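Shown next, in structure tokens, is the structure this report addresses.
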Amino acid sequence: MKTPAELGYTFPPEWFPHRGTWLSWPRPEALSFPGKYHTIPDNLSKIIREIAAREEVHVNVPNANYEYIVRSQLENHGRPLWNIYFHYVKTNECWCRDHGPAFVLKPKKGGGHQAAVVDWGYNALGGKYPPFDDDDAVPTRIAELLRLEVFRPAMILEGGSVDFNGAGTVLTTESCLLNKNRNPNLSKKQIERNLCDFYGVKQVCWLGEGIVGDDTDGHVDDLARFISPTTIVAAVEQDPKDVNYKALRDNRHRLELLRDRDGRPFEIVELPMPGVVEYENQRLPATYANFYFVNGAVLVPTYRHKKHDAKAVEILQKRLPDRKVVGIDCYDLIWGRGAIHCLTQQMPQF
């Protein structure tokens with residue numbers, strides 16, 4: 001069978017026009033928010049409010065009973081149900097960025113795009129959080145609902161571990177993709193080959209370690225993100241005494257050495273870290289890099305650190321003048337060790 005790249009498919013950058021956004025609603029009996037689940041529906045409602053004002057929102061729930069519960073929760077938190085669609089797709093956890101479908105596109109004769117889904121294997125961040133069988137099945141289930149072709153690489157990969165510039169480059173980390181709890185039988189070269197074959201990219205750029213409290217082994221969407229084909233936003237810690245200082249400085253140096261497909265350096269824009277965010281004496285992986293593009297806007301997680309929150313929004317707004325940059329409080333949400341980008345999976349226009 002031919003690969004997506006051989007058939008002309010590529011994975012579009014996140015700022016490509018969206019048809020909608022997919023989310024998986026968290027269940028109270030799941031593992032992500034122990035003792036704090038009651039705060040999450042309000043947080044999710046605020047995120048969904050911003051997305052639904054600009055594009056479709058597709059929500060995975062197990063069944064009709066859950067749909068009724070979620071509809072009621074959204075209404076109770078002031079979220080009108082316009083532009084929100086429910087699908088009976090079971091999930092173990094809520095992190096749709098990691099278990100959701102990777103939509104690839106290729107041009108159609110006469111205009112527009114044809115879509116397909118890449119269904120990477122999923123093992124709950126290296127087997128940390130069983131069971132994960134329902135999460136692993138999500139991309140194919142959604143492809144069936146949308147009647148799209150499915151490609152299944154023989155490789156474990158989460159969506160938060162990769163980021164794209166839309167011009168042939170994917171950014172990822174050694175600490176995650178080369179971790180033996182994902183693909184112990186694949187070499188670095190084989191992993192790069194799979195990324196190129198199934199995402200339709202031409203080159204892979206590598207960063208190093210992730211931040212403290214990140215249970216993903218270093219997803220790149222906590223560290224550095226493309227905001228254009230030539231520009232990367234990088235999380236940088238200014239305090240030398242902070243536990244994240246060394247890893248983020250190392251990644252910042254690595255970014256300086258990267259080149260695009262034409263041999264040119266990327267422009268690097270520094271994004272502050274929010275400072276220490278803790279709950280129950282645990283350092284949480286709070287970072288502003290976990291932002292999410294929607295049509296006409298960028299949604300940025302904030303963490304009740306007034307000065308740093310405002311600075312992060314200001315930096316992104318200056319660099320993205322054609323979009324509204326919206327800060328959304330994720331202080332409770334980060335207890336699940338993920339924020340806005342971790343919850344969402346874009347469905348490009350097709």
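For the peptides 267-275, 211-219, residues were scored by their other Cβ atoms within 10 Å and the scores averaged per peptide; the highest-first order is 211-219, 267-275. Ordering 125, 110, 333 by the projection of their Cα atoms onto the charge dipole of the chain, which places +1 on the Cβ of Lys and Arg and -1 on the Cβ of Asp and Glu, puts 110 at the extreme positive end. Between the residues 77, 101, 48, the greatest Cα displacement towards the positive end of the dipole of the range 23-114, with unit charges on the Cβ of Lys, Arg, Asp and Glu, is found for 101.
Since only 10, 302, 38 are under comparison, the one whose Cα sits farthest along the positive direction of the charge dipole of the chain, derived from C-beta charges on Lys, Arg, Asp and Glu, is 10.
I need 1, 155 ordered by Cβ neighbour count within 10 Å, fewest first.
Numbers: 1 6, 155 18.
Final ranking by Cβ density, sparse to dense: 1, 155.
Other residues whose C-beta falls under 9 angstrom from the C-beta of residue 274 contribute a net charge of 0, scoring Lys and Arg +1 and Asp and Glu -1.
What are the semi-axes of the equivalent ellipsoid for the range 18-345, taken as the square roots of 5 times the Cα gyration tensor eigenvalues, largest first, in whole Å? Walk me through the intermediate numbers first.
Values: eigenvalues 146, 122, 84 Å².
Those come to 27, 25, 20 Å.
Distance between the C-alpha centres of the range 302-350 and the range 192-249: 16 Å, rounded to the whole angstrom.
Mind scanning 90/128; 46/306; 2/128; 2/189; 241/307; 106/202 and naming the pairs with a C-alpha gap bigger than 21 Å? Before the final figure, lay out the partial values.
Details: 90/128 19 Å; 46/306 19 Å; 2/128 33 Å; 2/189 19 Å; 241/307 19 Å; 106/202 16 Å.
Cα-Cα > 21 Å for 2/128; rest within.
Of the trypsin sites (Lys or Arg not before Pro) found in the range 227-281, those that fall in a DSSP loop while having at most 16 other beta-carbon atoms within 10 Å are 241, 261.
Considering only DSSP beta bridges where both residues belong to the chain, give the percentage that are antiparallel (nearest 5). Walk me through the numbers on the way to the answer.
Values: 23 of 54 bridges.
Around 45 percent antiparallel, to the nearest 5.
Here's the list of aspartates and glutamates a cross-link from residue 324 could span, going by alpha-carbon distance under 17 Å and ignoring same-chain residues fewer than 8 apart: 14, 50, 55, 309, 314.
Tell me the net charge near residue 8. Cut-off is 11 Å between Cβ atoms, residue 8 excluded, with +1 for each Lys or Arg and -1 for each Asp or Glu.
Numbers: positive: 2, 106, 108; negative: 6.
Residues near residue 8 contribute +2 overall.
If you average 1/r over every pair of different alpha-carbon atoms in the range 1-44 and take one over that average, what Kirkwood value in Å do you get? The partial results should precede the final answer.
Numbers: mean 1/r = 0.0698 Å⁻¹.
Value: 14.3 Å, from the Cα pair sum.
Charged neighbours of residue 57, selected by a Cβ distance under 13 Å, balance to +3 (K, R count +1; D, E count -1).
Read-outs: derived from the displayed coordinates by stated rules, not from any lab. Quick caveat: nothing in here was measured; it's all calculated off a predicted structure. Cβ: placed from backbone, ideal geometry, glycine included. Neighbour counts: every protein chain shown.
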